Structures are given as structure tokens and as C-alpha cells.
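Report on one structure; see the data block that follows.
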Amino acid sequence: MPRLSLTLACGPYAHTDALMHDRVPVEGIDLTFLPIASPVEVFTRMFKNEAFDACEMSLSHYFRHRPAGHFPFVAIPVFPLRKFRHSFIVINANSGVREPQDLNGRRIGVMEYSQTAAVWIRGILHDEYGVNPEGIRWFTGGVNKPGHPKELQFKPDSAVSIEYIGDARTLNEMLVAGELDAVVGARLPKALGRVPHVRRLFEDYRRVEQEYFRRTRIFPIMHCIVLREDLYRRKPWVAESLFKAFVASRDMGWAAMDDDGNTRLMLPWLAGDIEELNTLCGGDPWWHGVEPNRHVLQSLAGYLQRERFIPKALNIDELFVPIVTASE
């Protein structure tokens, strides 16, 4: 039987490296892996042109669009990008912001209000520190380069104040100038580490993020993998083939980093980081599958509902194609 030719656009991560370089077989599939480092490019091309058979996708975009219909993609419970986000809250120290609660009523910049990173940050600030997003003036636009694709800009059904800064300015320069009190989201302003009054809100962010994980067991998910729905309906086996390949690639990537005789990454204290992860997480924290991540997925869905991006609670199981494999 001839193998199915399939294109996959995804970031060139350590845990996708084996898949990208054909070291992992994909059952029944002749895979063309397109290693596109910019998620914005991947999302925009998929939204506008359905440019790939499968691709990495913003989880918040998927959670908002899929239940509403008119979104011709289905998700596989593979999560290629996860990040703790306390470290992505950057302040102008001259604004008087010292504690998270000081962000109430302030002016905050974000690349796009609906991006997954921003949803996580607002949810954490609300739950952990009592910061109310609706009492803040939000400014959207490019962080370090002007402009941002309008296809990725969405507003919730609420009275929250959101202003686009236009295509000539950046959030970074507004933060430096004191026109913003903080910038949050998936990109750090380049003034961080260069301009003395531009600092992280949580300077000891590693400790804060680890304490957050210990309490919640949440390692925030940013992206999932989506497949064109028409392809999935015709060939549902493709989803499980891809799922198993991602799991195998992740396992190979983790094993390579845990090899004390091999410097997999250019990090001199990588062994210490691995030991710390083993203590904190019990090993590799890059879980795939719905069940190991149910609490994480429900948290994000709850944030989206609270902010009125979605009108009602989501059924997590209905949002991902069923996967039957030996392990996740």
C-alpha cells in the first residue's frame, strides 16, 4: 500500500528533532516536516490558506474557534509548546509597580489579547493575586517590531478596554518611555536587561514558577497539533500515527538530554536542571494525551469562559480526536 504524503508545520523543538530528521517512523505516512520557528507565521498561513495538512496551533485559538464551528481543523492531544509565564511579566519600575496587585488599573501591553500566553498570565494574576483584567487598559501590537497580523486579533464579549497601537510603534518603546506600566505575553521586550528601569515583575521567577507547579501541577500548555478535518474524516488513522510519532520523538529527545556523556544543549549545568526536573516533576514533564493534561486544559478553558471569549464551559473530550495507544 502506498504511504500517505503529509505536510506538518511545527517548531524545531528538542522534542520534535527526531521527527524532523526522520529518526522516528510515522506509520503509513511519508512526512514532510516544515520546521517553522515563528508560530505566528504558522497560525496565519493555516487560518488564511489551510497551507498544511497538520500544524502547531494556538490552544486558546482552537478552544475559541472549534466549538463555534467554521474551523476546519481537529486537534490531536499533542502539546509541542509549554511555558511557565510568570517570567513573561515585564514592568517599568518607574511606574510604581512593585507587587502583582499593583497592576490593577494600569496600562499593560500585549501582542494580542487573545493569545494563549496572555490568557494564562491574566488567569494566574487573577487567581493568585487578585488582579482584575477588566480594570486594566490593554494595548495590543508588535512587541519589538511594529504591527501584528489582524487574523490573530480577537476581543472577548466584555467591556474590557483594548486599543491597537498601530503599525508604526512597538510595545517595547512605549514601555521604556513610561507610556505603559507593563508588557506581558509570549515575547519579552528587548529592553529587558538593557534598560535599567525595565525589569521582570517576579525577579526570582524560577522559584515562583516552581512553587506554582508544586501547588497546581500545572505546566501551562501554549500549543496543540491540529489536522485538517477533511483529511481526518477520510483517514482517521492519521491522528494516531502522528500522536505515536510525537511521543516517540519526545522520548528520544528526553533520553538524549538525560545522557550524562553527551552535551545535547549548550547549557553547562544541564545535568543539574535534569536532576531538578526529576525531583519536581518525576521526570519528563512534556505530557501528551488528554488525561495527563486534563487539569491544565480545564484551567485554560475556565479562563477563556471567565473572560467571555467563549459563552459556556467546554467539554474537553469533545475537542480532541480519540487516541488509542499503549502509552502517552
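The values are calculated or read from the model by the stated rules, or taken from the named source; none is laboratory data. These numbers were taken from a predicted model, which means no experiment stands behind them. All Cβ positions, even for glycine, are placed from backbone atoms using ideal geometry, and neighbour counts span all protein chains on display. Ligands, DNA and RNA are stripped out before the accessible areas are found, and what is left, the full protein with its side chains, is counted by its heavy atoms. Shrake-Rupley method; radii C 1.70, N 1.55, O 1.52, S 1.80 Å.
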Legend entry - Selection count where residues are modelled with pLDDT of 95 or more, open to solvent by 10 Å² or more (accessible area, probe 1.4 Å) and under 17 Å from residue 321 (Cα atoms), scope segment 67-105: 1
Legend entry - Number of positions in segment 271-288 that are of a type in the set (Gly, Ala, Ser) and within 18 Å of the chain's Cα centre (by Cα): 0
Inset, instruction - Please specify each residue of segment 202-226 satisfying the condition of being within 11 Å of the chain's Cα centre (by Cα) and not aromatic (Phe, Trp, Tyr). - result: 220, 221, 222, 223, 224
Inset, instruction - Would you point out which residue out of 312, 235 is of a type outside the set (A, V, I, L, M, F, W, C) and closer than 26 Å to residue 85 by Cα? - result: 312
Legend entry - Odd one out for residue 195 among (1) open to solvent by less than 80 Å² (accessible area, probe 1.4 Å); (2) within 23 Å of the chain's Cα centre (by Cα): (2)
Inset, instruction - Go through 178, 147 for me and flag whichever is open to solvent by 10 Å² or more (accessible area, probe 1.4 Å), over 24 Å from the mean Cα position of the chain (by Cα) and of a type outside the set (Asp, Glu). - result: 178
Inset, instruction - Sort out which residues of segment 208-246 are out of contact with any strand residue (DSSP E or B) (no Cβ under 9 Å at 6 or more places or on another chain), aliphatic (A, V, I, L, M) and closer than 15 Å to residue 300 by Cα, and write them in order of number. - result: 218
Legend entry - Residue identified as in a helix (DSSP H, G or I) and at pLDDT below 95 among 151, 128: 151
Legend entry - Residue in segment 1-47 that is nearest to residue 237 (Cα to Cα), counting only those that are assigned to a helix (DSSP H, G or I) and open to solvent by less than 10 Å² (accessible area, probe 1.4 Å): 19
Inset, instruction - Mind counting the residues in segment 299-312 that are open to solvent by 70 Å² or more (accessible area, probe 1.4 Å) and touching a helix residue (DSSP H, G or I) at 6+ places or on another chain (Cβ under 6 Å)? - result: 0
Legend entry - Hits in segment 256-277 (condition: in a helix (DSSP H, G or I) and exposed (fewer than 13 other Cβ atoms within 10 Å of the Cβ)): 272, 273, 275
